[in-house]
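**Q** Have a look at this one.
The values are calculated or read from the model by the stated rules, or taken from the named source; none is laboratory data. Model, not experiment: these values are computed from the prediction. In this analysis, Cβ positions are derived from the backbone assuming ideal geometry, glycine residues included, and neighbour counts consider all displayed protein chains.
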Amino acid sequence: MIFNPTPLKGAFVIDVEPFQDQRGFFTRTFCEKEFTENGLVTKFVQANHSGTKGKGVIRGMHFQYAPFCEVKLVKCIVGSVFDVIVDVREDSPTFLQWFGAELSQDNKRMMYVPAGFAHGFQSLSDYSEITYMVSNFYNKDSEGGILYNDKDVNINWPLPVTLVSDKDLMIAPVNSGFKAVKL
């Protein structure tokens, strides 16, 4: 695996190195030794899988407050998505800055999302599926979010937005009392 640091400290885009032959391919998507060598979390307690119908659909931007902060390892296995992270760590020099990368079934790329980051994505294909491993259990009372079109964050989504859940539309803008994550 190739661990490519993003401009947001602790976050990585991970490129895999598939072995290919006439049967297809094989690649590792997790290796405790390589993750440890790169200073990354290696304990995951849950694996999630979601499917999204419709090009331009946005899911996110979600995170959890301490003590339920999550590290995520995200991979697109069907179609393609524009995967986005936002630094919501209280004392971070990149607070409220975002980074995005295309993850697809073709490039097999993954996003390593550190604790203290909001995460979401936009489907770039008519149908997409992602899987992601998380380091902590979901806790409804600890969930937080960033509005997908918050003017203070200014995420540059690659496609016109076609659908956002009612729940995600109810997230308050950052300038109305946003609470940062204390790690």
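**Q** For segment 148-161, which positions are in contact (Cβ under 8 Å) with a residue 40 or more places away in the chain, surrounded by fewer than 20 Cβ atoms within 10 Å (Cβ to Cβ) and either acidic (Asp, Glu) or within 14 Å of PHE178 (Cβ to Cβ) (or both)?
**A** The one that is in contact (Cβ under 8 Å) with a residue 40 or more places away in the chain, surrounded by fewer than 20 Cβ atoms within 10 Å (Cβ to Cβ) and either acidic (Asp, Glu) or within 14 Å of PHE178 (Cβ to Cβ) (or both): ASP152.
**Q** Against the conditions (1) farther than 27 Å from ASN139 by Cα; (2) more than 18 Å from the chain's Cα centre (by Cα); (3) touching a residue at least 24 places away in the same chain (Cβ under 8 Å), where does PHE19 fall short? Just the number, please.
**A** It fails just one condition, (3).
**Q** Please indicate, with yes or no, whether at least one residue in segment 119-141 is of a type in the set (Asp, Glu), more than 19 Å from ASN4 (Cα to Cα), modelled with pLDDT of 95 or more and in contact with a Ser or Thr (Cβ under 9 Å, 6 or more places away or on another chain).
**A** yes
**Q** If the Cβ limit is 6 Å and pairs must be 6+ apart or interchain, which residue in segment 1-12 that is closer than 16 Å to VAL71 by Cα pairs with which residue that is acidic (Asp, Glu)?
**A** LEU8/ASP87
**Q** Can you tell me which condition PRO67 does not meet? The list is (1) loosely packed, with under 15 Cβ neighbours inside 10 Å; (2) more than 19 Å from HIS119 (Cβ to Cβ); (3) out of contact with any Asp or Glu (no Cβ under 9 Å at 6 or more places or on another chain), and all the others hold.
**A** Only one criterion is unmet by PRO67, namely (2).
**Q** Failed condition for GLY60, given (1) among the small types (Gly, Ala, Ser); (2) more than 20 Å from HIS119 (Cβ to Cβ); (3) in contact with a helix residue (DSSP H, G or I) (Cβ under 9 Å, 6 or more places away or on another chain), with all others met?
**A** Failing condition for GLY60: (2).
**Q** Got a number for residues in segment 1-47 being acidic (Asp, Glu) and closer than 23 Å to GLY116 by Cα?
**A** The number of residues fulfilling the criteria is 4.
**Q** Output the number of residues of segment 108-125 satisfying the condition of being part of a strand (DSSP E or B), touching a residue at least 60 places away in the same chain (Cβ under 8 Å) and not β-branched (Val, Ile, Thr).
**A** 8
**Q** Turning to a different aspect of this structure: Just to check your reading of the model, which residue among VAL134, VAL78, VAL84, VAL164 is over 18 Å from LYS179 (Cα atoms), surrounded by fewer than 18 Cβ atoms within 10 Å (Cβ to Cβ) and either among the charged types (D, E, K, R) or touching a Phe, Trp or Tyr at 6+ places or on another chain (Cβ under 7 Å) (or both)?
**A** Only one candidate passes the filter, namely VAL78.
**Q** Which one of these is surrounded by 12 or more Cβ atoms within 10 Å (Cβ to Cβ) and not charged (D, E, K, R): VAL41, VAL45?
**A** VAL41
**Q** Pick from PHE25, PHE30: which is over 27 Å from ILE171 (Cβ atoms), more than 13 Å from the chain's Cα centre (by Cα) and in a strand (DSSP E or B)?
**A** On the way: PHE30 fails: in a strand (DSSP E or B).
Result: PHE25 is the single residue among PHE25, PHE30 that is over 27 Å from ILE171 (Cβ atoms), more than 13 Å from the chain's Cα centre (by Cα) and in a strand (DSSP E or B).
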